[in-house]
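Engineer: Can you read through this structure? Questions will come right after.
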Amino acid sequence: MIRKLNIFFKRRVKRFFARTFSKITEINRKYKKPQIEMKPAVKITLTMLVFYLVFLIGMLIYKFVITIR
Amino acid sequence: MNFLARFFYKFRRVFKAIKLFLIISGPGIIVAIADNDASGITTYAVTGAKYGYNLIWFLVLLIPVVYFVQEMTMRLGVVTKRGHAEAVFNGFGPGWGWFVLLDLVFVNWLTLVTEFIGMTASLYIFGIPPYLTVIIVCVIMGIMVLNGRYWTWEKIALLFCTLNLIYIPAVIIMKPSVADILHSGLIPNFPGGLTQQLLFFLMANVGTTIAPWMLYFQQSAVVDKGLKEKDIPWGRYDTLIGSFFVIIIAVFVVIFTGTILRGVDIQNVAEAAKSLMGVNQYLGAALAIGLFNAGFLGAICITLTNSWAFGEVFGWAHSLNNKIREAPWFYANYFLTLITAGAVVLIPRAPLVTITLFVQVISVTLLPASLVFLILLLNDKKTMGEYKNTRIQNIITVAIIAVIVFMATMYAMSIIFPNLLK
């Protein structure tokens, strides 16, 4: 009985993830062509800004860990 | 008779305008006042206790900043009829879209945790255990969304917004020195010099006043409300009034704790309320009730923001006007976010006030990315047409981004080089 329930839930979880991934793929396909064309300079600046902000978040998490210790 | 007729028609015109404004207003006022959520009240209260009235000038400077940012999101939502996350997916593709969506979900969930921190702490003063507060809040929030339409939800939210004004009469009762407030509060100064701690508090105040979730919420709210381009002027008034209220309430909270708790090391606003009750039970109760209300208001907006954003991107039905059977994933996301955030607060010995303050700083650090996408979307003539950003609006927004990035950099540098600032 427990084994059957186990298999049942595993199948449901598998189906859930399969549906979610296919949905994500569908979304990626739907928005594949951006409507706004970013100039290369803007794209590079934005990418650098995002990486920089993630670095700053890393510093904040480090400070948080030090503070609570 | 002629005078009476003219007076009557003028009165009717003004009355109609007020009525129209009351119908259209809502998103701007709600998002602004909900911005003074539990973490906001905590941040302002701790700021007031630590620095007295000395940082009021900094908060006043944020009024135009809040207005500019929120007005842009309102305009973007009205013209594109899309929420912010979907607008980024559509405009810039899935790469940037997923970044923006995950950024929103991450920061929103953290902010929701801080709302529950505030709510549980405030009701604990009245003897209600945290787990019961979490359950009660989840039930009330569930009823609010499941039994109504967007308009019902909005009017209930506006009612809670009025409760957020509780700090104003509380301050009036205290009778603080207006001369002191004007002298030390309105002249720009850095009490104790520009230290790492002061910078942290400045960033926390910016982060709690202009939170990323506000961009997403107002944009989705105007879409759900069905505002049209002709409603943009009224939307601007709505946003302007909201911007004033958010800072007025913030200033009053700072004055409140700056007067009665100056120099006291507040670890927890709820504890401050409890100790205040020993001095004046009404003031203590006002602080506690205000904190709960602020947390609740923030929670109802933030959970909706997440659900709207997911619904827009995944193509689910995602309106409060849909019943649960019509939009199951929308409501599932709503309750999942709510329950998981509430559960964090119940973890024993979690450093709740530290979490609250750090979440604000994280929030403001990630804000520039959201603002950059906002400017890019608002400068697209094909999308925005005549409602495109003006040069002044672009300059101001770029300046806001630059200041935030500079402050975040200074703070990060002060962590790496502790002797950089005093």
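Engineer: Considering chain B as a Gaussian network with a 10 Å cut-off on Cα pairs, which listed residue, B:TYR53, B:TYR331, B:TYR124, attains the greatest mean-square fluctuation?
Structural biologist: B:TYR124
Engineer: Which lysines have a Cα less than 19 Å from the Cα of A:LYS33, not counting those fewer than 8 places away in the same chain?
Structural biologist: Reachable lysines: A:LYS23, A:LYS43, B:LYS381, B:LYS382.
Engineer: Now, a different point. Defining a contact as two alpha carbons under 8 Å apart and six or more residues distant in sequence, what relative contact order in percent does region B:255-395 show? Could you put the intermediate results ahead of the total?
Structural biologist: Working: 71 pairs, mean separation 15.8, N = 141.
The value is 11 percent.
Engineer: Need one word for region B:48-157: rounded, prolate or oblate. Basis is the Cα gyration tensor (sqrt eigenvalues a ≥ b ≥ c); a/c below 1.5 gives rounded, then a/b vs b/c decides.
Structural biologist: Working: a/c = 1.86, a/b = 1.24, b/c = 1.50.
Cα axes put region B:48-157 in the oblate bin.
Engineer: For region B:271-376, what value does the Rg/Rh ratio take when both radii are computed over Cα atoms and Rh is the Kirkwood radius, given to two decimals?
Structural biologist: Numbers: Rg = 18.1 Å, Rh = 16.8 Å.
Rg divided by Rh gives 1.08.
Engineer: Also: Answer rounded, prolate or oblate for chain A, using the Cα gyration tensor with square roots of eigenvalues a ≥ b ≥ c: rounded when a/c is under 1.5, else prolate when a/b is larger than b/c, else oblate. Could the numbers behind the result be given before it?
Structural biologist: Values: a/c = 7.53, a/b = 1.37, b/c = 5.52.
Verdict is oblate for chain A.
Engineer: Rank these for me by crowding, B:THR43, B:THR120, going from fewest to most other beta carbons within 10 Å. Provide the component values of the computation, followed by the final result.
Structural biologist: Numbers: B:THR43 30, B:THR120 25.
Least to most surrounded, the residues fall as B:THR120, B:THR43.
Engineer: Name the residue, out of B:VAL171, B:VAL46, B:VAL139, whose mean-square fluctuation peaks in a Gaussian network model built on chain B with Cα pairs under 10 Å.
Structural biologist: It is B:VAL139.
Engineer: Report the GluC sites (Glu not before Pro) located in region B:258-342 that are in a DSSP loop and have at most 14 other Cβ atoms inside 10 Å of their Cβ, or state none.
Structural biologist: On the way: sites: B:GLU271, B:GLU312, B:GLU326; in loops: B:GLU326.
Sparse-neighbourhood loop GluC sites (Glu not before Pro): B:GLU326.
Engineer: Once phi is turned into ³J(HN,Hα) by the Karplus curve 6.51 cos²θ - 1.76 cosθ + 1.60 with θ = phi - 60°, what whole-Hz value does each residue of region B:66-80 show in order, with x for glycine and proline?
Structural biologist: Once θ is set to phi - 60°, the couplings for region B:66-80 become 4, 4, 4, 5, 6, 4, 5, 5, 4, 4, 4, x, 5, 6, 7 Hz.
Engineer: Could you check which residue among B:HIS84, B:HIS318, B:HIS183 shows the biggest mean-square fluctuation in a GNM of chain B with a 10 Å Cα cutoff?
Structural biologist: B:HIS183
Engineer: Compute for region B:143-287: radius of gyration divided by Kirkwood radius, i.e. Rg/Rh, restricted to C-alpha atoms, rounded to two decimals.
Structural biologist: Values: Rg = 18.7 Å, Rh = 18.2 Å.
Radius of gyration over Kirkwood radius for region B:143-287 works out to 1.03.
Engineer: Among all the lysines, which ones have a C-alpha under 21 Å from B:LYS175's C-alpha, if same-chain residues fewer than 8 places away are not counted?
Structural biologist: Qualifying lysines at Cα under 21 Å: B:LYS50, B:LYS274.
Engineer: Report the gain in length on full extension from B:MET144 to B:ILE156: 0.36 nm times residue separation, minus Cα-Cα distance, nm rounded to one decimal. Can you show the working numbers first?
Structural biologist: Working: separation 12, 0.36 × 12 = 4.32 nm, distance 0.81 nm.
Between B:MET144 and B:ILE156, full extension yields 3.5 nm more.
Engineer: Taking the Cα centre of chain B as the origin, how large is its charge dipole in debye, to the nearest 20, when only Lys and Arg (+1) and Asp and Glu (-1) carry charge on their Cβ atoms? Don't skip to the end; give the middle numbers.
Structural biologist: Details: 27 positive and 18 negative charges, 248 e Å.
In total the dipole reaches around 1200 debye.
Engineer: Rg/Rh for the protein assembly as shown: what does it come to with C-alpha atoms and Rh from Kirkwood?
Structural biologist: On the way: Rg = 23.0 Å, Rh = 23.5 Å.
Using only Cα positions, Rg/Rh for the protein assembly as shown is 0.98.
Engineer: With θ set to phi - 60° and the Karplus curve 6.51 cos²θ - 1.76 cosθ + 1.60, what are the ³J(HN,Hα) couplings of region B:304-316 in order, to the nearest whole Hz, using x for Gly and Pro?
Structural biologist: For region B:304-316, the Karplus curve yields 5, 4, 4, 5, 4, 4, 5, x, 4, 6, 7, x, 6 Hz.
Engineer: May I pose another question? How would you classify chain B from its alpha-carbon gyration tensor, with a ≥ b ≥ c the square roots of the eigenvalues: rounded for a/c under 1.5, else prolate if a/b is greater than b/c, otherwise oblate? Intermediate results must be reported in sequence, preceding the final value.
Structural biologist: On the way: a/c = 1.28, a/b = 1.23, b/c = 1.04.
The shape class here is rounded.
Engineer: Mind checking which aspartates and glutamates have their C-alpha under 19 Å from B:LYS323, skipping anything on the same chain fewer than 8 residues away?
Structural biologist: B:GLU154, B:ASP224, B:GLU312
Engineer: Separate question: If you look at just the Cα atoms of region B:156-221, how large are its Rg and its Dmax in Å?
Structural biologist: 16.6, 44
Bear in mind that the values in this text are calculations on the coordinates, not laboratory data. All figures in this text were calculated on a predicted structure; none of them were measured in a lab. Note that we place each Cβ from the backbone using ideal geometry, even for glycine, and neighbour counts take in every protein chain shown.
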